[in-house]
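First comes the structure, then the notes that go with it.
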Amino acid sequence: MKQSKIKILKRGNLKVVSTLPNKDMFYGNPYGGAMDYTAAQMVNILLNQKQSLKVIECTFKGSSFLFESNMKVAIVGADMQWELDGKMIQLNQVFEVEKGQVLTGGFSKNGLRSYIALNNSIIDDDNETIVLGKENRRTKKHTIFDYQLPSSTIIHIHRGPEWKLLNQEGKEKVMNFQGVISQNMDRMGAYLNGSVIELANEFPKMSVCTFPGVIQLLPNGQQIVLLQDAQTTGGYPRIAYLDRVALNQFNQLRPGTKIEWRLIL
Amino acid sequence: MEQIKILGNAFDVLTIGEDKLLLQLNKSLKQIEDSIPLISQTIVNEEFKQLENIVSSETELLLYCQQSKQVQLLKQLSQMEAPISRSDENEIFIDVCFELSEDWERVINNIGQDKETIIDEILKQSYRLINYGFQPGFMYLDGLDEKLHVPRLDNPRLEVPAGSLAIGGKYLGVYGSNSPGGWNIIGRTQHIYKRLNQKDLPKISQEIRFIRLTKEQYLRKHK
């Protein structure tokens, strides 16, 4: 079976990701995978292909791609004003492209991350050839489909293992926290700017297990949310965490967004 | 809060989200010393199908397991038996070259002995692999003599080559991938994490010894 190639013409901030996490965290590998699981899985569903196939994750700024043969494409997630040969294309639906056409995305207007899936195709990235889609024999036509970017900036959090190291004032500060996602954000973590929170009890100097969505309290009283590519252990207290749904939501919010925590009791 | 006993150690069980369990050593009960590395490796060897991932730290195990399968997993963990031959496992030997590294001046100043004396001290001991973590394939090795402890760098390096042998506080470490890092680099080993299949990697709890190669020997053997 011949697989056709999609070529990166102009690289924005992109990464080819699996929709599933890594299996080898025991050896120190990060959890990994798509930052917005829902969008990444749904874009494969749209093309009627296995949900676990790799997809292209574009963050904040789209890229330019050249199709080296005809294929089917779908994009789900942030609105990056995607254009095919200069003509605007719709999100959340399958479109057919022809050999030689160029797909281009700009800065995201809404949301942070776009996911692109292609059927029967490969991409060369980081000196590696990655399979994005396999030949699709099923011919089911339209999947009824509605992906929506999060509209709320209120994020639900749960108490973390070190919640008990906060005193009443600290707990209330976290529960009523309003802050801003700083520019200092990548696939490993996002620093927040907000009021300073202090621990009432000292956190012992040792490393503990971390995971995507965990909120660490830094020595300067600010918080950081660890994301999919974070290291697997860390030395800061884990005061709270976002569950999977909340993390999906958080991962579509752009740096500079004002957020609020809402504690689930 | 639930409790569970694994290989004679009591853990408090915390549920994290819908797909994780955090097991924390309960300090109020008597523990077998240094038991976490052995427990985590034993769990990995069992290959429980409900378990998607496991991460361990000094006092914790983080188990990735879907909610519907957690009860069954905990039951199996509590019934797990200790591996019979632990001390029988052979030592693993890793080649190291002490001539390809950057932080000797800092290490010598900190320890207050000359380079050759420090190298002799390092080669004298064997080191227990207590964890992988921090970065892909990074090995934490326990057993560094107290006089050889050196604090981490104040400003971490942006890029440390894979295979680097380094001192970080009371541990020796081997970098598994090219990555930023704040440990004191004293040597270069062959890049075993990339070279070996996961099944052939040193197991947690195994003892590791270093064999010194000159720069010429090292480059000839590991080019």
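The values are calculated or read from the model by the stated rules, or taken from the named source; none is laboratory data. Treat the numbers as computed from the prediction; the structure is a model and nothing was measured. Glycine gets a Cβ as well: all are built from the backbone with ideal geometry, and neighbour counts include every protein chain shown. Each accessible area value is taken on the protein alone, full model and side chains, heavy atoms only, with ligands, DNA and RNA left out. Shrake-Rupley method; radii C 1.70, N 1.55, O 1.52, S 1.80 Å.
Among the candidates A:Phe95, A:Phe65, the residue that is farther than 30 Å from B:Phe138 by Cβ, of a type outside the set (Ser, Thr, Tyr), more than 14 Å from chain B (Cβ to nearest Cβ) and surrounded by fewer than 23 Cβ atoms within 10 Å (Cβ to Cβ) is uniquely A:Phe95.
Within region A:1-51, can you find the residues that are of a type in the set (Gly, Ala, Ser) and within 14 Å of chain B (Cβ to nearest Cβ)? Answer for region A:1-51, where residues must be of a type in the set (Gly, Ala, Ser) and within 14 Å of chain B (Cβ to nearest Cβ): A:Ser18, A:Gly28, A:Gly32, A:Gly33.
Residues in region A:203-228 that are away from chain B (no Cβ under 11 Å) and either among the polar types (S, T, N, Q) or out of contact with any Leu (no Cβ under 8 Å at 6 or more places or on another chain) (or both): A:Gln216, A:Leu218, A:Pro219, A:Asn220, A:Gly221, A:Gln222, A:Gln223, A:Leu226, A:Gln228. Residues in region A:235-265 that are buried (at least 21 other Cβ atoms within 10 Å of the Cβ), of a type in the set (Gly, Ala, Ser) and out of contact with any helix residue (DSSP H, G or I) (no Cβ under 9 Å at 6 or more places or on another chain): A:Ala246 only.
Taking the condition acidic (Asp, Glu) and at pLDDT 95 or above, does B:Glu52 pass? Here the answer is yes, as B:Glu52 does meet what is asked. Mind telling me which of the residues A:Asn248, A:Asn184 ends up being more than 14 Å from chain B (Cβ to nearest Cβ) and not in a loop (DSSP other than H, G, I, E, B)? Just a single option satisfies the conditions, and that option is A:Asn184.
Checked against the criteria, B:Gln41 counts as within 30 Å of B:Leu213 (Cβ to Cβ), surrounded by 12 or more Cβ atoms within 10 Å (Cβ to Cβ) and either modelled with pLDDT of 95 or more or within 12 Å of another protein chain (Cβ to nearest Cβ) (or both). A:Pro237 meets the conditions (1) within 11 Å of chain B (Cβ to nearest Cβ); (2) closer than 22 Å to B:Glu58 by Cβ in every case but one. The failed one is (1). Within region B:199-223, being under 22 Å from B:Val55 (Cα atoms) and surrounded by 13 or more Cβ atoms within 10 Å (Cβ to Cβ) holds for B:Leu201, B:Pro202, B:Lys203, B:Ile204, B:Ser205, B:Gln206, B:Glu207, B:Ile208. Would it be correct to say that A:Lys205 is more than 24 Å from B:Thr59 (Cβ to Cβ) and either out of contact with any strand residue (DSSP E or B) (no Cβ under 9 Å at 6 or more places or on another chain) or open to solvent by 60 Å² or more (accessible area, probe 1.4 Å) (or both)? Judged against the criteria, A:Lys205 is not a match. At least 1 residues being more than 18 Å from the chain's Cα centre (by Cα) and aliphatic (A, V, I, L, M) is the threshold, and among the helices (runs of 4 or more DSSP H) wholly inside region B:111-223 those reaching it are B:115-124, B:215-221. Taken over region A:211-222, the criterion of being within 18 Å of A:Glu260 (Cα to Cα) and buried (at least 22 other Cβ atoms within 10 Å of the Cβ) is satisfied by A:Gly213, A:Val214, A:Ile215, A:Gln216, A:Leu217. Scanning region A:21-46 for residues that are within 12 Å of the chain's Cα centre (by Cα), over 11 Å from A:Asp229 (Cα atoms) and not in a helix (DSSP H, G or I) yields a single hit, A:Asp36.
Select from region A:48-58 the residues that are in contact with a strand residue (DSSP E or B) (Cβ under 7 Å, 6 or more places away or on another chain) and open to solvent by 20 Å² or more (accessible area, probe 1.4 Å) and write down the one among them that is farthest from A:Ser108 (Cα to Cα). Step by step, filter region A:48-58, then rank; the result is A:Leu53.
Residues in region A:203-234 that are closer than 15 Å to A:Met188 by Cβ, free of Cβ contacts under 8 Å to residues at least 60 places away in the same chain and assigned to a loop (DSSP other than H, G, I, E, B): A:Thr210, A:Gly213, A:Leu218. Looking across A:Lys164, A:Lys173, one residue alone is assigned by TED's automatic domain parsing to the domain that holds A:Ala240 and closer than 30 Å to A:Met25 by Cα. It is A:Lys164. Scanning region A:68-90 for residues that are crowded, with 19+ Cβ neighbours inside 10 Å, touching a Phe, Trp or Tyr at 6+ places or on another chain (Cβ under 8 Å) and either free of Cβ contacts under 8 Å to residues at least 40 places away in the same chain or not aliphatic (A, V, I, L, M) (or both) turns up A:Lys72, A:Gly77, A:Met80.
Of all residues assigned to region B:162-181, at least one qualifies as being exposed (fewer than 14 other Cβ atoms within 10 Å of the Cβ), touching a strand residue (DSSP E or B) at 6+ places or on another chain (Cβ under 7 Å) and either within 14 Å of another protein chain (Cβ to nearest Cβ) or farther than 18 Å from A:Gly28 by Cβ (or both). Just one residue in the set A:Asn44, A:Asn48, A:Asn22 is closer than 21 Å to B:Ile54 by Cα and polar (S, T, N, Q); that residue is A:Asn22.
Pairs meeting the criteria (first residue in region B:15-27 and over 16 Å from B:Leu77 (Cβ atoms) and at the interface with another protein chain (Cβ under 9 Å from one of its Cβ atoms), second residue of a type in the set (Phe, Trp, Tyr) and open to solvent by 10 Å² or more (accessible area, probe 1.4 Å), beta carbons under 9 Å, at least 6 apart or on different chains) are B:Ile16/A:Tyr241; B:Gly17/A:Tyr241.
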